[in-house]
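I have placed the structure first, in the form of structure tokens, so that the comments after it can refer back to it.
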Amino acid sequence: MQSILQEYIHTLKGKRVAVIGIGVSNTPLIERLLDSGVHVLACDKRDRSSFNGLIEALERKGLEACLGTGYLKNLDGVDVIFRTPGLRPDVPQIATAVANGAQLTSEMETFMALCPCQIIAVTGSDGKTTTTTIIAGLLKAAGYRTFVGGNIGHPLLCEVEEIRPDDYVVLELSSFQLLTMKQSPSVAVITNISPNHLDIHKDMAEYVAAKKNIFAYQDDGDKVVLNADNEITAAFAKEARSQVTLFSRRKILDRGVCVRDEMIVNNNRPVMAVSDIRLPGVHNLENYLAAIAAVDGLVSNETIRSFAKSFGGVEHRIELVRELDGVRWYNDSIASSPTRTIAGLRSFPEKVILIAGGYDKQIPYDILGSEITAHVKDLILTGKTADKIEAATLAAPDYQLGHPEIYRCVDLHGAVNQAYQIARPGDVVILSPASASFDQFKNFEERGSTFKKYVMELQP
């Protein structure tokens with residue numbers, strides 16, 4: 001008897017299948033398709049030398065590769081296209097192929113269509129990874145067999161045969177993954193929405209519309225969890241066909257998850273004290289509120305309390321790297337937007353030394369200025385957004401000359417050395433860039449790991 005994945009792959013035999021992007025999520029798919037006798041055209045803008053022999057190994061299995069500058073030139077006549085999330089679906093070559101009858105999908109969309117168990121999916125501008133990790137951790141602590149994927153974990157499509165109907169899948173989904181999504185999970189969570197990724201999306205309206213796809217295809221038996229404190233997400237409640245659960249850090253809710261008298265309450269029933277949460281920062285309190293709403297009815301309050309007291313967080317998210325000469329160094333490389341950096345700054349009672357700047361996603365930085373003047377004693381800037389962040393700081397109504405002192409550095413290594421020179425015992429130094437990493441690094445993980453390396457190399 002064929003598995004559900006084998007049945008799907010059988011429908012692709014005799015067809016020309018294009019997989020765009022030979023990366024972490026698509027490589028297992030390419031290998032599985034080739035092993036099953038499917039003709040695969042793999043397209044990637046990187047050249048052959050970037051793959052360390054992977055292309056040659058796949059070609060021996062029958063792969064047709066199209067690499068480099070013209071990597072989308074051979075899509076004529078393809079029947080199915082698996083899109084990499086970062087590539088817009090309306091680029092001319094893809095749009096032409098779709099107009100000529102090609103089916104456009106992705107590894108994630110196919111997985112969601114084939115997955116036999118309930119899916120809980122999380123999206124938002126900030127807090128996706130931590131909220132996803134908390135939800136998965138709570139389910140595992142409650143004894144459920146749980147798979148984690150999407151933007152974190154690892155590709156799940158080729159593991160779909162191992163998943164049972166009584167398991168749970170928890171996904172972190174980006175706006176790029178959701179842009180062409182035509183299905184929604186059983187439980188959808190939206191942590192918040194603020195301007196982000198406007199270098200890829202046409203405008204804010206398209207970005208918001210992509211996020212809405214996480215609940216747009218739900219029915220009345222499904223659930224969507226929304227942030228009542230965020231104007232955009234709160235408005236989604238009127239559009240949802242599914243059951244709506246709100247969470248709020250600022251408001252008392254008759255129904256939903258909120259904070260009352262320093263206690264987290266769910267539908268007016270106490271869950272745990274806010275002080276039970278080991279992770280610092282009000283943004284992590286909000287992540288817990290969203291997660292508790294998502295697992296309502298699945299995880300006991302006792303399990304939630306126990307997990308919260310022990311969970312130390314996710315790498316690159318206000319991660320304590322070391323304490324050196326009385327100075328604490330934190331890695332918050334995940335902070336690729338102003339709102340995420342603001343959340344990090346508000347996590348500390350003292351003013352910090354902030355290292356910020358990076359790739360420009362064409363988003364506004366105005367809101368960051370006042371937060372910097374309120375929470376930063378020294379500002380160290382690097383990268384393409386340095387001018388924007390400095391301009392926002394200087395334009396802040398409460399800015400005074402030298403408060404904060406502003407330094408410019410060529411790169412992250414120079415920024416770490418500058419911070420080391422000016423830091424004094426009792427200070428906090430935090431890398432929280434408010435920008436993407438692509439000007440100097442492959443991703444925020446590489447940026448964070450490089451920062452940690454530089455910090456660990458500092459000599460007392």
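The values are calculated or read from the model by the stated rules, or taken from the named source; none is laboratory data. Just so it is clear, the model here is predicted, and its values are computed rather than measured. As a convention, Cβ positions derive from the backbone with ideal geometry for all residues, glycine included, and neighbour counts pool all protein chains shown. The protein model used for the area step is the full one, side chains on, heavy atoms only, and it has no ligands, DNA or RNA in it. Shrake-Rupley method; radii C 1.70, N 1.55, O 1.52, S 1.80 Å.
Does the range 428-446 contain at least one residue that is in contact with a Phe, Trp or Tyr (Cβ under 9 Å, 6 or more places away or on another chain), surrounded by fewer than 17 Cβ atoms within 10 Å (Cβ to Cβ), small (Gly, Ala, Ser) and outside any loop (DSSP other than H, G, I, E, B)?
no
Restricting to the range 329-355, give me the number of residues that are under 19 Å from the mean Cα position of the chain (by Cα) and of a type outside the set (Asp, Glu).
If we filter the range 329-355 for residues that are under 19 Å from the mean Cα position of the chain (by Cα), which is where we start, we get 331-344.
From what is left, the residues that are of a type outside the set (Asp, Glu) are 331, 333-344.
Here the count works out to 13.
Take the range 125-146 and flag every residue that is over 18 Å from residue 286 (Cβ atoms) and under 17 Å from the mean Cα position of the chain (by Cα). Break it down stepwise before answering.
Here is the first cut: in the range 125-146, the residues over 18 Å from residue 286 (Cβ atoms) are 139-146.
Answer for the range 125-146, where residues must be over 18 Å from residue 286 (Cβ atoms) and under 17 Å from the mean Cα position of the chain (by Cα): there is none.
Being surrounded by 15 or more Cβ atoms within 10 Å (Cβ to Cβ), of a type in the set (Val, Ile, Thr) and either under 28 Å from the mean Cα position of the chain (by Cα) or part of a helix (DSSP H, G or I) (or both) is the filter here; which residues of the range 368-416 pass it?
Matches in the range 368-416: 372, 373, 376, 380, 382, 385, 389, 393, 416.
Looking only at residues in the range 282-319 that are part of a helix (DSSP H, G or I) and among the polar types (S, T, N, Q), which one is surrounded by the most Cβ atoms within 10 Å (Cβ to Cβ)?
Step one: of the range 282-319, the residues part of a helix (DSSP H, G or I) are 282-294, 301-310.
Applying the additional criterion that residues be among the polar types (S, T, N, Q) yields 284, 287, 301, 303, 306, 310.
Values: 284: 23, 287: 30, 301: 14, 303: 18, 306: 15, 310: 10.
Among those that are part of a helix (DSSP H, G or I) and among the polar types (S, T, N, Q), it is 287.
Among the residues of the range 85-100, are any at pLDDT below 95, crowded, with 21+ Cβ neighbours inside 10 Å and closer than 22 Å to residue 34 by Cα?
yes
Can you name the helices (runs of 4 or more DSSP H) wholly within the range 81-164 that have at least 3 residues being touching a Leu at 6+ places or on another chain (Cβ under 7 Å)? Give the steps one after another, and end with the answer.
Working: elements: 92-99, 107-114, 128-141.
Fully inside the range 81-164 and qualifying: 92-99, 107-114.
Restricting to the range 110-119, name every residue that is buried (at least 19 other Cβ atoms within 10 Å of the Cβ) and in contact with a Ser or Thr (Cβ under 7 Å, 6 or more places away or on another chain).
Of everything in the range 110-119, just one residue is buried (at least 19 other Cβ atoms within 10 Å of the Cβ) and in contact with a Ser or Thr (Cβ under 7 Å, 6 or more places away or on another chain), namely 119.
Open to solvent by less than 40 Å² (accessible area, probe 1.4 Å), more than 28 Å from residue 310 (Cβ to Cβ) and in contact with a helix residue (DSSP H, G or I) (Cβ under 6 Å, 6 or more places away or on another chain): is that true of residue 224 in this structure?
Working: open to solvent by less than 40 Å² (accessible area, probe 1.4 Å): yes; more than 28 Å from residue 310 (Cβ to Cβ): yes; in contact with a helix residue (DSSP H, G or I) (Cβ under 6 Å, 6 or more places away or on another chain): yes.
Yes.
Yes or no: residue 229 surrounded by fewer than 16 Cβ atoms within 10 Å (Cβ to Cβ) and either out of contact with any Leu (no Cβ under 6 Å at 6 or more places or on another chain) or among the β-branched types (Val, Ile, Thr) (or both)?
Here the answer is no, as residue 229 does not meet what is asked.
Among 423, 395, 415, which is the only one that is among the small types (Gly, Ala, Ser) and in contact with a Gly (Cβ under 7 Å, 6 or more places away or on another chain)?
Exactly one residue qualifies, and that residue is 395.
Quick check on my filter: what residues within the range 55-69 are part of a helix (DSSP H, G or I) and either among the small types (Gly, Ala, Ser) or surrounded by fewer than 17 Cβ atoms within 10 Å (Cβ to Cβ) (or both)? If you could, list the steps in order and put the result at the bottom.
Our first condition is that a residue be part of a helix (DSSP H, G or I); within the range 55-69, this holds for 55-59.
Once the filter is applied, which keeps residues that are part of a helix (DSSP H, G or I) and either among the small types (Gly, Ala, Ser) or surrounded by fewer than 17 Cβ atoms within 10 Å (Cβ to Cβ) (or both), the range 55-69 yields 56, 57, 59.
State the number of residues belonging to the range 181-221 that are open to solvent by less than 10 Å² (accessible area, probe 1.4 Å), touching a strand residue (DSSP E or B) at 6+ places or on another chain (Cβ under 7 Å) and assigned to a loop (DSSP other than H, G, I, E, B).
3
Return the residues of the range 23-39 that are in contact with a Ser or Thr (Cβ under 9 Å, 6 or more places away or on another chain) and of a type outside the set (Ser, Thr, Tyr); say none if nothing qualifies. Working first, answer last.
Of the range 23-39, the ones in contact with a Ser or Thr (Cβ under 9 Å, 6 or more places away or on another chain) are 23, 25-26, 29.
Correct list: 23, 26, 29.
Quickly run through the range 120-134 and pick out the residues that are crowded, with 24+ Cβ neighbours inside 10 Å and more than 27 Å from residue 204 (Cβ to Cβ). Before the answer, list the steps.
At the first step, the residues of the range 120-134 found to be crowded, with 24+ Cβ neighbours inside 10 Å are 120-128, 130-132, 134.
134, the sole residue that qualifies.
Among the numbered criteria (1) within 21 Å of residue 280 (Cβ to Cβ); (2) of a type outside the set (Val, Ile, Thr); (3) surrounded by 15 or more Cβ atoms within 10 Å (Cβ to Cβ), which single criterion is violated by residue 360?
(1)
In the range 323-341, what residues are open to solvent by 20 Å² or more (accessible area, probe 1.4 Å) and either at pLDDT below 90 or not in a strand (DSSP E or B) (or both)?
Selection gives 325, 326, 334, 336, 339, 340.
Here's a check for you: in the range 233-275, which residue that is among the charged types (D, E, K, R) and in a strand (DSSP E or B) is most open to solvent (accessible area, probe 1.4 Å)? Steps first, answer last, please.
Of the residues in the range 233-275, the ones among the charged types (D, E, K, R) are 238-239, 241, 249-251, 254-255, 260-262, 269.
Those left that are additionally in a strand (DSSP E or B): 260, 269.
Working: 260: 79, 269: 131 Å².
Going through the qualifying residues, I end up with 269.
Would you check which residues across the range 415-433 are out of contact with any strand residue (DSSP E or B) (no Cβ under 9 Å at 6 or more places or on another chain) and either farther than 12 Å from residue 378 by Cα or touching a residue at least 24 places away in the same chain (Cβ under 8 Å) (or both) and list them? Show your work before the answer.
Narrowing the range 415-433 to residues out of contact with any strand residue (DSSP E or B) (no Cβ under 9 Å at 6 or more places or on another chain): 417, 421.
Within the range 415-433, just 417 meets the criteria.
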